[in-house]
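The block underneath contains the structure these notes are about, expressed in structure tokens.
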Amino acid sequence: MLTSLCVFVGSAILLTGGHAHARDRLLIVGSSTVYPFATAVAETFGKAGMKHPIVESTGTGGGFELFCKGIGPSTPDISNASRRMKPSELETCTANGVTPVEVKIGYDGIVLANSKQGPKFSLTIEQIFQALSENIEVDGGLVRNAYLSWSDVDPDLPSEKIEVLGPPPTSGTRDAFEELVLEVGCSSSKDLYGKLCTDIRRDGLFVEAGENDDLIVGALEANPVAVGIFGYSFLIQNAARIQSAAVNGVEPSFENIVSGEYPVSRSLYFYIKKEHVGVIPGLEDYVSAFLEEAAWGDSGYLAEEGLIPLAPADRAAQASAARSLTALQF
């Protein structure tokens, strides 16, 4: 019997069961929110004469799972993320010989939006929580959420059926939404809800729409009263088709996200597999291309795609950490 061996030294070659497999281009996985930024850089990178990277939208959690499996060309070189890597995920990486290098690339807002043919929504975080929570408080106790329309939540809201398309549990957008909306909306009754604060209703009024935000936008056009949850960049890219909901009276705009006035915003990242640097062709060049001012700077092409840039000093610090391949630590 032939024993399977893995060899990853000096070149991007994996020997599995005696068969050699080589990879001559980057493999990038992870967040659907970071996906359009990564693909924009990949296209610029390819036009410069390098092998065009493979970029896959797997969701943040799914990307980390693939990224942390080990080293070798069967595993990704970079994992995009719309939340920070968790300590448990870093432990998995470390156990499998993977050293992640963290690069914060900018900011993003999580928006609620619907078709321009539908009603204009203005919601508070508490109203969003009441509409989507699996349980609601009634007379000091928890009961199964029976709100069917937005006007059931608040008479001043549209009398339209609650229909929300949102990200699955593998998504960093889902993680951030739970933290920034559900936990905040639950805070006044935290003692009553406990760990149930982030439980989203499962009666069909919230639909897990997968990692493809473009499909959500199409579904919103088909159903003007449905509301979608996704990153600000998709709102910008589809501004002619969909409209945002104000949250706590604040619209998700570039300026409001930068200032922190918009309450549902988060940081975006990518993670470099240190063991692949100098082995998988183009990895260092791709990172350099992403961190050019022409890309992630205040007037860079990624800002046109919806990325909210870091402050100049923060960009310099992140670029320095990336160049020095500083390992992620908690």
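Tyr262 meets the conditions (1) touching a residue at least 60 places away in the same chain (Cβ under 8 Å); (2) in a loop (DSSP other than H, G, I, E, B); (3) closer than 23 Å to Cys93 by Cα; (4) out of contact with any Leu (no Cβ under 7 Å at 6 or more places or on another chain) in every case but one. The failed one is (3). Going through (1) in contact (Cβ under 8 Å) with a residue 40 or more places away in the chain; (2) open to solvent by less than 30 Å² (accessible area, probe 1.4 Å); (3) outside any loop (DSSP other than H, G, I, E, B); (4) within 23 Å of Arg23 (Cα to Cα) one by one, Gly46 falls short only on (1). Total residues in the range 317-330 satisfying the condition of being farther than 22 Å from Tyr35 by Cβ and surrounded by 12 or more Cβ atoms within 10 Å (Cβ to Cβ): the figure is 6. Being open to solvent by less than 70 Å² (accessible area, probe 1.4 Å) and in a loop (DSSP other than H, G, I, E, B) holds for only one residue in Leu310, Leu302, and it is Leu310.
Each residue in the range 297-328 was checked for being out of contact with any strand residue (DSSP E or B) (no Cβ under 6 Å at 6 or more places or on another chain) and either free of Cβ contacts under 8 Å to residues at least 12 places away in the same chain or under 24 Å from Gly260 (Cβ atoms) (or both), and 21 pass.
For the residues Leu196, Leu235, Leu215, the requirement of being open to solvent by 30 Å² or more (accessible area, probe 1.4 Å), part of a helix (DSSP H, G or I) and under 20 Å from Gly59 (Cα atoms) singles out Leu215.
Taken together, Lys116, Lys104, Lys120 contain a single residue that is under 22 Å from Gln329 (Cβ atoms), surrounded by fewer than 20 Cβ atoms within 10 Å (Cβ to Cβ) and of a type in the set (D, E, K, R), which is Lys104. Return yes or no: is Gly228 outside any helix (DSSP H, G or I) and open to solvent by less than 10 Å² (accessible area, probe 1.4 Å)? The answer is yes for Gly228. Quick check, is Val247 over 18 Å from Gln117 (Cα atoms), open to solvent by less than 30 Å² (accessible area, probe 1.4 Å) and at pLDDT 95 or above? Yes.
Taken together, Asp154, Asp77, Asp108 contain a single residue that is in contact with a His (Cβ under 9 Å, 6 or more places away or on another chain) and either at pLDDT below 95 or not hydrophobic (A, V, I, L, M, F, W, C) (or both), which is Asp77.
For the range 199-212, what are the residues that are open to solvent by 50 Å² or more (accessible area, probe 1.4 Å) and aliphatic (A, V, I, L, M)? Within the range 199-212, Val207 is the sole residue that qualifies. The residues of the range 281-299 that are part of a helix (DSSP H, G or I) and polar (S, T, N, Q) amount to a single one, Ser288.
Of everything listed in (1) in contact with a helix residue (DSSP H, G or I) (Cβ under 9 Å, 6 or more places away or on another chain); (2) closer than 23 Å to Gly282 by Cβ; (3) modelled with pLDDT of 95 or more, the single unmet condition for Leu66 is (1). No other residue among Thr3, Thr92, Thr33 is among the β-branched types (Val, Ile, Thr) and modelled with pLDDT of 95 or more apart from Thr92. Going by the structure shown, is Ile78 open to solvent by 60 Å² or more (accessible area, probe 1.4 Å), of a type in the set (Val, Ile, Thr) and under 20 Å from the mean Cα position of the chain (by Cα)? Criteria not met by Ile78. Looking only at residues of the range 136-160 that are surrounded by fewer than 16 Cβ atoms within 10 Å (Cβ to Cβ) and of a type in the set (Asp, Glu), we find that the one that is farthest from the chain's Cα centre (by Cα) is Asp139. The condition of being open to solvent by less than 60 Å² (accessible area, probe 1.4 Å) and either aromatic (Phe, Trp, Tyr) or under 25 Å from Ser265 (Cβ atoms) (or both) holds for only one of Glu179, Glu183, Glu163, Glu126, that being Glu163.
The values are calculated or read from the model by the stated rules, or taken from the named source; none is laboratory data. This structure is a prediction, so every number in the text was calculated from the model and none was measured. Note that we place each Cβ from the backbone using ideal geometry, even for glycine, and neighbour counts take in every protein chain shown. Accessible surface areas use protein heavy atoms only, side chains included; no ligands, DNA or RNA. Shrake-Rupley method; radii C 1.70, N 1.55, O 1.52, S 1.80 Å.
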